[in-house]
Amino acid sequence: MSITSLTSRTSDTSLRTFSAKVLIVRIASWAEIRKAHPENVMAPIKLGYAVSLLEQNGHHVTLLDSETGAYMRSDVIRTMRTMRPDVVVLHGITTAVPSIIRMGVVAREILPDALLVASGQHATARPQDYLHANSPFQACPLYEYEESIAEIVEGWSMGRLEHVHGIALPDGDGGLRRTPPRPLREDLDALPYPRHELFMRGEYTVFHPTDVRTRRRWGFLMASRGCPYPCLYCSPTLRNSYGRKMRYRSAENIAGEMEYLARLGATVLHFKDDIFTVNRDHVLALCEEIQRRGLKISWTVQTRADCVDRELLTAMRAAGCCTVSMGIESGSPRVLKVLRKRETVEDALEATRLVRDAGMFLVNFYLLANPTETLEEMEMTLKLAKKLDPDLLQVGFFTPYPGSPYYEEVFKTVDDRSPDEFSHYNKIINVSEVPTPELFAFQKRFYREMIFRPKFLARFASNRLIGMPANLQQEARFFSLSARFLLSNLRRRATGKQ
C-alpha cells in the first residue's frame with residue numbers, strides 16, 4: 001500500500017509514526033563523462049546526517065553510493081525492484097545530473113506511487129533542471145538538504161509537502177515554485193552524528209600524504225559550515241556547506257565525534273570544512289579539547305594561506321593534524337585579483353613556510369584557464385608551484401559552475417550547456433586567452449615538471465612508503481590512476497589529439 005493511499009484512511013497522529021522505506025542513491029559524478037584525472041572519494045556525510053535524521057523518525061533507510069564504484073546502474077535498479085521503497089532520493093553533483101534524470105525516469109516506471117526526490121548541491125543552483133514538464137521528480141531540497149530530506153518524507157506522508165520549508169516543488173504548469181526559505185541552522189550541536197557506520201569502507205579514500213603507518217581507514221566530518229569569501233569560481237554545487245555566514249560546532253561535540261569515528265575503526269580523519277581555520281580561536285579550542293581527552297588520531301584539513309599562523313599550526317600539529325591543503329590557484333597577482341581571492345603570492349609563500357616549520361605535509365590546488373589569463377600568467381603559476389614545492393598537488397581548470405559569481409554574472413542568461421560539460425579536471429569551458437589544446441598540454445606539462453623533479457620524487461616516495469605495507473590496495477589504486485592519467489595524455493600529445 002502506498003503512503004498516498006494510506007493518507008486518506010488514517011489520522012495525522014498515526015501518520016507521524018508511519019515507517020517509510022527510503023532509498024537514497026548517490027549517483028557517480030563520472031557516470032556521464034570520461035574520467036581521467038585521479039580524484040579523492042570522500043564519504044557523503046551530509047547524506048549521513050539525513051540517514052540519521054530519517055532513522056530517528058522511525059524510517060528504514062538504504063544508502064547506495066555509486067561514487068565508490070561498488071554499485072552500478074543495474075544494482076540500483078535491482079534494489080528498487082526488490083526493496084520497493086516508498087521514497088527514492090537521487091543525489092549528485094552537476095556532472096551527474098543527466099544520469100540522475102535518466103535514473104528518475106526508470107524509478108518512476110518501477111515505482112509509480114513512490115515519492116521521487118532530486119537532491120544535491122546542483123538542485124540549489126538550478127532546481128529547474130529537475131522540476132519541469134514531464135519530470136519524474138516531485139521535490140528538490142535546497143541549500144542544506146539533510147534536514148529537508150527528512151522533513152520531505154514526513155510532509156509527503158501527511159499530504160503536506162508544501163508545508164516543508166526550503167524546498168522546490170512542481171507548480172503544475174511545467175515550472176516550479178519554492179516554499180518559504182529555511183533558515184540556516186545555527187545550533188549545529190543539535191544535529192545527530194552522521195551515520196558513519198555506512199562509510200567505514202575501503203573505497204572512501206583521500207590520496208593526500210599522512211603520517212599514518214597502519215592501515216588507513218578514513219573518517220569524514222565537519223567542524224563548521226560557511227565561507228565568508230567571494231571567490232569568483234566558488235559555487236554551491238561544489239561547496240561542502242552553504243552560505244557566507246560561519247557557524248560552528250562546539251569543541252566538545254567535534255571531539256566526541258572524532259572519538260566515535262575512532263571507535264568505529266577510523267585511523268585518519270579528514271575535515272571537510274570549506275575553510276577549517278577561518279576562526280583561529282575555534283580551532284585552538286578544539287585542539288585543546290583533543291589533547292584534554294588524550295585522543296590520539298591523525299587528521300587533515302583544507303584552508304586558505306592567509307588563515308594560518310605559527311601558533312595555530314603548532315597547536316594543530318600537537319593535536320594530531322598531519323596534512324594541510326590550500327587552494328593557491330595562481331601565481332599571478334593580477335589573476336588572483338580577477339578571481340577575487342583576497343590573497344597574495346606572499347601569503348602563499350609565508351603559509352608554506354609555516355606549515356613546513358610545524359612538521360606537516362602540504363597539498364596545493366592550482367587553477368588554469370582563468371578568465372582573461374594568458375600563457376605567461378600560467379607560467380607564473382608553475383614557477384610559484386616549484387617554489388612552494390608541495391608534497392602533493394592537483395591542477396584543475398577554472399570552471400564556471402552554476403551558482404558561482406562568474407556564472408551568475410556572465411553565463412546565466414546565455415547558458416545552454418549540459419550539466420555534464422562542467423568538469424574542472426577533465427573538461428574545459430575556456431574563458432582564458434589561451435587556446436584549449438594548449439591548456440590541456442600545459443596541465444600535463446605542469447604535472448610533469450612538478451612530479452619528475454628528483455627532490456619531489458624522493459620525498460614523494462618516502463611519504464608513500466610510510467604506510468605502504470598496510471595500504472597496498474589504496475596505493476596501487478593511486479599509482480594506477482595517476483599512471484593512466486599521465487600516459488593517456490602523453491599518447492594524446494604523440495597523436496596530436498586533445
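The values are calculated or read from the model by the stated rules, or taken from the named source; none is laboratory data. Bear in mind the structure is a predicted one, so any value in this text is a computation, not a measurement. No Cβ is skipped: glycine too gets one built from the backbone with ideal geometry, and neighbour counts run over all protein chains shown.
Annotations
- Residue under evaluation GLY265, criteria (1) over 21 Å from the mean Cα position of the chain (by Cα); (2) in a helix (DSSP H, G or I); (3) not hydrophobic (A, V, I, L, M, F, W, C), criterion not met: (2)
- Residue within segment 268-283 that is modelled with pLDDT of 95 or more, more than 20 Å from the chain's Cα centre (by Cα) and under 26 Å from ARG215 (Cα atoms) present: no
- Long-range neighbours under 8 Å by Cβ, at least six apart or interchain, first residue under 19 Å from LEU368 (Cβ atoms) within segment 446-462, second β-branched (Val, Ile, Thr): PHE446/THR381; PHE446/VAL395; TYR447/VAL395
- Those residues of segment 66-114 which are at pLDDT 95 or above, in contact with a Leu (Cβ under 8 Å, 6 or more places away or on another chain) and either assigned by TED's automatic domain parsing to the domain that holds CYS234 or not in a helix (DSSP H, G or I) (or both), in sequence order: ARG84, PRO85, ASP86, VAL87, VAL88, VAL89, LEU90, HIS91
- For TYR425: the one exception among (1) in a helix (DSSP H, G or I); (2) hydroxyl-bearing (Ser, Thr, Tyr); (3) at pLDDT below 70: (1)
- Whenever a residue of segment 300-321 is assigned by TED's automatic domain parsing to the domain that holds LEU336 and touching a residue at least 24 places away in the same chain (Cβ under 8 Å), its partners that are of a type in the set (Gly, Ala, Ser) and part of a loop (DSSP other than H, G, I, E, B), lying with C-beta atoms within less than 8 angstrom and at least six residues away or across chains, give the pairs ARG310/ALA358; LEU313/ALA358; THR314/ALA358; MET316/ALA358; ARG317/ALA358; ARG317/GLY359.
- Tabulated pairs, segment 214-228, first among the β-branched types (Val, Ile, Thr), second modelled with pLDDT under 95 and not in a loop (DSSP other than H, G, I, E, B), C-beta under 6 angstrom, 6+ apart or interchain: THR214/ALA470
- For GLU449, the conditions (1) modelled with pLDDT of 85 or more; (2) surrounded by 18 or more Cβ atoms within 10 Å (Cβ to Cβ); (3) of a type in the set (Asp, Glu) all hold with the exception of (2).
- Residue list for segment 144-197, filter: surrounded by 20 or more Cβ atoms within 10 Å (Cβ to Cβ), farther than 16 Å from ALA114 by Cα and β-branched (Val, Ile, Thr): VAL164, ILE167
- Odd one out for LYS272, checked against (1) touching a helix residue (DSSP H, G or I) at 6+ places or on another chain (Cβ under 7 Å); (2) farther than 19 Å from PHE220 by Cβ: (2)
- Pick from segment 108-151, criterion free of Cβ contacts under 8 Å to residues at least 40 places away in the same chain and aliphatic (A, V, I, L, M), ranking: farthest from PRO194 (Cα to Cα): ILE110
- Put simply, of ALA118, ALA190, ALA168 the only residue that is closer than 21 Å to TYR401 by Cβ, out of contact with any Asp or Glu (no Cβ under 9 Å at 6 or more places or on another chain) and of a type in the set (A, V, I, L, M) is ALA168.
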